[in-house]
């Protein structure tokens, strides 16, 4: 049964809130040392998956293991080795930053004091401020520190960059890369593809509570998907060209935009004899590939 | 066992509130008892006892578990005042604290922080319960000390039994514990944003009036046992006044049931922040 040792592994992990769908049959295998991107729009089930992994909510069916330990029975053991950043930060408002971080640190056996001071310096965070007086961005920094100070071998980050300015985001990514180079595994949930693209080697795409694809970032990009813009000398129609592999044709005045998964040869043949002003072929962004996955899922219905 | 980190932090969190309640209760006891020497001045009591003997006032006094002759004794006076106010105040303190100590983490969304730390659900409940009990006991030590002090200061010629004072104090503590256990459990059932405070106050006030009704209406006597207040024995001047097994068992049993229910519920509860 045990082939490869995964750091996080779930089988048919399912959660219903009463009758409402949370997640359905989530199968994930995350290897030690990787940065795994977990992508999907709001409400797709990213947070539900994370909350189930952390024992905040209990699965309706299926199971999950982290470090080989059961996510329901061994939750405390698992959490000794996890740093977690929630998507929305809520702390004890009357505490100051240092109190909060010490409170957090005291749950672990490691001495975190020097690490607190060091990271507060890196992120330019004032330790004496009251939590309630902090801006959203600064609260987010507290959350970053809180997840890192005990130097956990696994970081679970739920939309960690929302509310961070670009400069802090860059510092944060540097630290994540540094931690990762020391062997820390990172589970990175996001709805922004560009940041996942920067950080992750593999990405799982979740939609309506189901995993619709797990791919290497590189494979995703190399899927021969092209972004095509054709400018005609007359107003474009959606069905202007007939060629297999055209996805979501979108006419705009004289232009026709679409993603294309077919061969360039077929396309050129289809264009033969048309009155064309310009033709642009580009590599699509992940965002567009992502949309393509979604539309593909929709087409299957 | 309990998590020392949570225990210390929560104790500190409720420290000011405990100090506030302690001062209020102490002032209340001392001010109330300061009336006793005034009342005992010869002509004053005669006037008052005539007033207290009229049917309406007599009913009122029965309602609060007192009678005119009880007031001539310092402990009788203390315990009826105690029954009226300190017990009520203590019950409010208890149910309000128990009702927020655990549920607050969810209401203020800090449960997500706390429960992603390496602690089990049961450790969280145990630690919170320990903080609640510490607060309840400290407040009751204040009530005990100030109560005894006020008896000594204002007793005059009146004599009282320390044992009876202690027993009455202990019953009140058990009553407060019972309301706390109820509040703790109810706070877990209530959906976020619903007013636990008004529900808690409603429970105490409701139970209090059920008790009062059952005292003034003999036919409603049995009905009174719906209220925990009814289980308190306020007859501090009776020679056979004692801690009675079934009364103690009632309070402890009811508290235990709600505490166990709290553990069972919280262990499996989905934390949806």
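The values are calculated or read from the model by the stated rules, or taken from the named source; none is laboratory data. Quick caveat, the model's predicted, so the values are computed rather than measured. In this analysis, Cβ positions are derived from the backbone assuming ideal geometry, glycine residues included, and neighbour counts consider all displayed protein chains.
Against the test of being under 12 Å from the mean Cα position of the chain (by Cα) and more than 29 Å from residue B:269 (Cα to Cα), the options B:139, B:174 yield a single qualifying residue, B:139. Within the span defined as the stretch A:28-35, every residue fails to be surrounded by 15 or more Cβ atoms within 10 Å (Cβ to Cβ) and within 14 Å of chain B (Cβ to nearest Cβ). A count restricted to the stretch A:48-59 and to residues that are under 21 Å from residue A:179 (Cβ atoms), more than 8 Å from every other protein chain (Cβ to nearest Cβ) and part of a loop (DSSP other than H, G, I, E, B) stands at 0. Does residue B:80 fit the bill of being more than 19 Å from residue B:178 (Cβ to Cβ) and either surrounded by 18 or more Cβ atoms within 10 Å (Cβ to Cβ) or more than 29 Å from the chain's Cα centre (by Cα) (or both)? Yes, satisfied. Across the stretch A:60-83, the qualifying residues are those that are facing another protein chain (nearest Cβ under 10 Å), touching a residue at least 40 places away in the same chain (Cβ under 8 Å) and in contact with a helix residue (DSSP H, G or I) (Cβ under 9 Å, 6 or more places away or on another chain), and the one among them that is surrounded by the fewest Cβ atoms within 10 Å (Cβ to Cβ) is A:82. Set side by side, the residues A:186, A:156 differ, and just one is at pLDDT 95 or above, away from chain B (no Cβ under 14 Å) and outside any helix (DSSP H, G or I), which is A:186.
Scanning the stretch A:117-138 for residues that are touching a helix residue (DSSP H, G or I) at 6+ places or on another chain (Cβ under 7 Å) and within 14 Å of another protein chain (Cβ to nearest Cβ) yields a single hit, A:131. Scanning the stretch A:6-27 for residues that are surrounded by fewer than 16 Cβ atoms within 10 Å (Cβ to Cβ) and assigned to a loop (DSSP other than H, G, I, E, B) yields A:18, A:19. The conditions are (1) touching a residue at least 60 places away in the same chain (Cβ under 8 Å); (2) more than 29 Å from residue B:13 (Cα to Cα); (3) within 14 Å of chain B (Cβ to nearest Cβ), and residue A:147 fails exactly one of them. Which is it? Answer for residue A:147: the failing condition is (2). Screening B:34, B:26 for residues that are part of a helix (DSSP H, G or I), in contact (Cβ under 8 Å) with a residue 60 or more places away in the chain and within 18 Å of the chain's Cα centre (by Cα) leaves exactly one candidate, B:26. Is it fair to say residue B:249 is at pLDDT 95 or above, more than 22 Å from residue B:104 (Cα to Cα) and more than 14 Å from chain A (Cβ to nearest Cβ)? Yes. Candidates B:210, B:190, B:204: the one that is surrounded by 23 or more Cβ atoms within 10 Å (Cβ to Cβ) and in contact with a helix residue (DSSP H, G or I) (Cβ under 7 Å, 6 or more places away or on another chain) is B:204. In the stretch A:94-108, the residue that is farthest from residue A:133 (Cα to Cα) out of those that are more than 29 Å from the chain's Cα centre (by Cα) and at the interface with chain B (Cβ under 9 Å from one of its Cβ atoms) is A:106. Please determine whether any residue of the stretch A:122-131 is free of Cβ contacts under 8 Å to residues at least 24 places away in the same chain and assigned to a helix (DSSP H, G or I). Within the stretch A:122-131, not a single residue is free of Cβ contacts under 8 Å to residues at least 24 places away in the same chain and assigned to a helix (DSSP H, G or I).
The one condition from (1) part of a loop (DSSP other than H, G, I, E, B); (2) surrounded by fewer than 19 Cβ atoms within 10 Å (Cβ to Cβ) that residue A:167 does not meet is (1).
On inspection, residue A:117 passes the criterion of being outside any loop (DSSP other than H, G, I, E, B) and surrounded by fewer than 20 Cβ atoms within 10 Å (Cβ to Cβ). In the set (1) surrounded by fewer than 17 Cβ atoms within 10 Å (Cβ to Cβ); (2) closer than 25 Å to residue A:34 by Cα, the condition left unmet by residue A:142 is number (1).
The set of residues in the stretch B:112-126 that are facing chain A (nearest Cβ under 7 Å) and either in a helix (DSSP H, G or I) or closer than 14 Å to residue A:103 by Cα (or both) comprises B:112, B:113, B:115, B:116, B:117, B:118, B:119.
Within this structure, residue B:56 passes the test of being surrounded by fewer than 15 Cβ atoms within 10 Å (Cβ to Cβ), modelled with pLDDT under 95, away from chain A (no Cβ under 14 Å) and assigned to a helix (DSSP H, G or I).
Among residues of the stretch B:63-79 being modelled with pLDDT of 75 or more and assigned to a helix (DSSP H, G or I), the one that is nearest to residue B:155 (Cα to Cα) is B:74. Filtered by the rule that a residue be in a helix (DSSP H, G or I) and within 14 Å of chain A (Cβ to nearest Cβ), the stretch B:7-23 gives B:7, B:8, B:9, B:10, B:11, B:12, B:13, B:15, B:16, B:17.
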